[in-house]
Amino acid sequence: MHTDNTSSLPNNIDELLKFYQKSRETLSYSEDEIKAIWYAYSFARESHGDQKRLSGEPYITHPMQVSKTLIDLGMDAETVIASLLHDVVEDTNISLDEIQEKFGQLISQMVDGVTTLKQYESPGSNDAESIKKLFLAIINDARVIVIKLADRLHNLKTIFPLPRDRQIKTARETLEIYAPIAERLGIWSLKGELEDLAFKCLEPEIYQQILYDLEKSRDEHRAILQNLIETITKKMVQSNMDPKNFVVLGRRKYIYSIYRKMLTPKYQGKGVDSVYDKLGIRIIVPSIPDCYAVLGLIHAEWSPLPGEFDDYIGMKLPSGYQSLHTSVKYGPDKNDIVEFQIRTFDMHNEAEFGVAAHWIYKEKTHGKRDIAMENKIKWLRLMLDEPQSEDDAESFLTLLKQDVLQERIYVFTPQGDIIDLPAGATPIDFAYAIHTSVGDRCRGAKINGKLVSLDHKLQTGDQVQILTAKQGGPSRDWLNPSLGLVNTQRARSKIRNWFKKQAREQNLAQGKSILEKELSRLGMEEVPLDRLLTRFDYKTTDDLYVGIGCGDVSLQRVVNMLSELYTNNEDPLLMPISPAERQDDTNAVSILGLKGMLTSFSSCCSPAPGDEIVGYITRGRGVTIHRSDCPNILRLQESERERMIKVAWGEPQKTYPVSIVIRAYDRQGLIGDISAVLRDENVNILDVNIKPSHNIATIQLTLEVSDIGKLSVILTRLETLPNVIEAHRIKPG
Ligand code: MN
């Protein structure tokens, strides 16, 4: 709507339908439903009165646009009505009771679902609380999320009058939470658009650059697509498929998905042209046998790219997504690549609309749930059923971001059931995803029949078998983040719960012995613990021990806190580290005057820390880092030289020599394993001294270590090596 006066707002049903670009004939709502939609519009318009959006448009234009998106998606009349009313309770004097009275219970529930969230959206409020409320509302009625996504879509389209910080917050939240939710609920048509709008807001220059690159070759692409479509259509007709029964569509990928692909190692520093499958063709056919028949035709005509064929019909994804994907080579020199997606009309509906497909007006469900839809929100229900710790909303948000909205992997149980886990999940995470008691008793795992260690990272397609003990519980090591044994919040909270259920005395004794052992290992026996208590909100040292024993407080946190709290000049590892000196990545490149820019290392000269380097501002890919003697840099034209900027390696972290001793039953390869751990932790060895006696080797090492926390990680990892009895620090002085 581009109106700045109310006179151009629809004043009767036909004008409203014209705004929706639908006539009564093309709109599949009943006459009564159309009347109800008109009534909701009139009521919302009157309630919002002369409220304006920041753009100066009448407020009602916002709910109108939201409802239009939902009508285009084909959502049922109730959803459309609720969307027209979605801001009424929040922004006007109308109460929820009034909505219920006028529009009924279902509609008022949906409006409430969107409203509850809204009141938290003001700056400085609790976002986590708001998101949790949203999820509760979705469980109650999944249509709420579709309204919310359509609302977010229009807000992003009209984001520019907002102050920059609000824009950034909204765009980030969209990429972090709403788009992944749309993805997991299978609403791809909204996901792609939400991502592109948010990305355009956050990185306008990169967005424009990719768009420009795409536009440049638009005519060329269109001709190629046309040609491919004609070829495959002809083949399909030749094999007796009726062109009236299938659809072949050319499509171009979303800008944000191209950008994401450009950031992966394979394409880094190569530009848009290298992201080959930006062209895609989608073929929609009546039946599953047709899908495989078409796949055969494609592979007979063009040669498939190895490793790029995915059968999501044979293996249906938990989101409900089904299709065949294949990428093939075409063109005179077989250098160009196009991706085909083949699916049935039902699969297409599911893929485009996901959870929303279940309320498309054609299948009147009247708010009743079907099994397919239940399956789509099962993960949501599971997550909300988790025992929530005291601080709830925050930990809920962490759980959501870490476990649910991450990139997924799909693995199999020995029975062939698919388990859906975040990327990086281990056998222990898998065991807890099966059942708490399987997790608690997990002692080993086989992947595709082979024994693996418990820190093994699962991959999509793995068949995982958990070896369990008859009884017993988890190990406290599982909670140690430096061992990487557990990578989901869900498993972590179950493990903590197990320890919490143990008797207090037992936790106290365990916690005490763990902490004492750690302190003696680090040569810190004399450190007084009382100052730690307030930091962790404990009254007595015993409470602290119990906290450690049951896993509420990790040893790592206690150790890090100690190094922050105590200054001990005799022990340089205990000197406080000022935050400015802390650096996560010693290889980080700091760019003078351009903090936070997207940087990547060029592949032509592969700069390594210590090399003299320069930065080059690319068109659309941020800054690439080259060695200053890189031939590509030396060859730059004068006009290009202004794109060069000064960059420097981050300051290397300060380190101190520390002596440790390792005792182990001697075995072959022990020294090699030890140095592998140290190399992995990026620690230099200054001195080695090995004393074998009988079967036991005593290995004394002098290492360069930055702080006590790092030392603790190293000692823990060394102690988990086979045959190692203990590893501890030789006390300074
Ligand atoms: Mn709104």
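Residues are listed down the side, and each one gets a yes or a no for (1) at pLDDT 90 or above; (2) closer than 18 Å to residue 710 by Cα:
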position	(1), (2)
476	no, no
493	no, no
503	no, no
506	no, no
512	yes, no
519	no, yes
522	no, yes
531	no, no
538	no, no
Subject >> Count of the stretch 50-80 residues which are farther than 17 Å from residue 149 by Cβ and either within 16 Å of the ligand (Cβ to nearest atom) or assigned to a helix (DSSP H, G or I) (or both) >> reply: 11
Subject >> Tally, over the stretch 225-241, of residues that are loosely packed, with under 15 Cβ neighbours inside 10 Å and more than 21 Å from residue 253 (Cα to Cα) >> reply: 5
**OP:** Give me the pairs, please: first residue somewhere in the stretch 538-555 and without any contact (Cβ under 8 Å) to a residue 40 or more places away in the chain, second residue anywhere and assigned to a loop (DSSP other than H, G, I, E, B) and surrounded by fewer than 17 Cβ atoms within 10 Å (Cβ to Cβ), beta-carbon distance under 6 Å, and either six or more positions apart or on two chains.
**Re:** 541/529
Original post:
Just checking, which of 698, 655, 720, 716 is among the β-branched types (Val, Ile, Thr) and at pLDDT 90 or above?
Top reply: 698
Original post:
Does residue 162 count as within 15 Å of the ligand (Cβ to nearest atom) and surrounded by fewer than 18 Cβ atoms within 10 Å (Cβ to Cβ)?
Top reply: yes
Original post:
Which number in (1) within 21 Å of the chain's Cα centre (by Cα); (2) farther than 25 Å from residue 420 by Cα; (3) within 16 Å of the ligand (Cβ to nearest atom) marks the one condition that residue 201 misses?
Top reply: (3)
Original post:
When residues of the stretch 68-99 are filtered for being farther than 14 Å from residue 43 by Cα and free of Cβ contacts under 8 Å to residues at least 40 places away in the same chain, how many remain?
Top reply: 3
Subject >> Subset of the stretch 517-527 [free of Cβ contacts under 8 Å to residues at least 60 places away in the same chain and farther than 15 Å from residue 557 by Cα] >> reply: 517, 525, 526, 527
**OP:** Kindly check whether there is at least one residue in the stretch 144-167 that is in contact with a Cys (Cβ under 8 Å, 6 or more places away or on another chain), in the same structural domain as residue 114 (by TED's automatic domain parsing) and among the polar types (S, T, N, Q).
**Re:** yes
Original post:
Do we have residue 721 as surrounded by 16 or more Cβ atoms within 10 Å (Cβ to Cβ) and either part of a loop (DSSP other than H, G, I, E, B) or among the acidic types (Asp, Glu) (or both) here?
Top reply: yes
Subject >> the stretch 697-718, residues that are part of a strand (DSSP E or B), over 17 Å from residue 685 (Cα atoms) and touching a residue at least 60 places away in the same chain (Cβ under 8 Å) >> reply: none
Original post:
If you check every pair at least six apart or on different chains, which have Cβ atoms under 7 Å apart with a residue in the stretch 492-515 that is under 24 Å from residue 426 (Cα atoms) and among the β-branched types (Val, Ile, Thr) first and a residue that is in a helix (DSSP H, G or I) and modelled with pLDDT of 90 or more second?
Top reply: 495/478
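In the list 177, 181, 187, 147, which residue meets the criterion of being over 16 Å from residue 406 (Cα atoms) and away from the ligand (no atom under 14 Å from the Cβ)?
Details: 177 fails: over 16 Å from residue 406 (Cα atoms); 181 fails: over 16 Å from residue 406 (Cα atoms); 147 fails: away from the ligand (no atom under 14 Å from the Cβ).
The conditions single out 187.
Output the residue which, of all residues in the stretch 81-133 that are among the polar types (S, T, N, Q) and more than 15 Å from the ligand (Cβ to nearest atom), is modelled with the lowest pLDDT. Walk me through how you get there before you give the answer.
Filtering the stretch 81-133 down to residues among the polar types (S, T, N, Q) leaves 83, 92-93, 95, 100, 105, 108-109, 115-116, 119, 122, 125-126, 130.
From what's left, more than 15 Å from the ligand (Cβ to nearest atom): 93, 95, 100, 105, 108-109, 125-126.
Details: 93: 88, 95: 90, 100: 94, 105: 91, 108: 93, 109: 89, 125: 43, 126: 55.
Within the stretch 81-133, the match that is modelled with the lowest pLDDT is 125.
The values are calculated or read from the model by the stated rules, or taken from the named source; none is laboratory data. Only a predicted model underlies this, so the values are computations on that prediction, with no experimental measurement involved. Note that we place each Cβ from the backbone using ideal geometry, even for glycine, and neighbour counts take in every protein chain shown.
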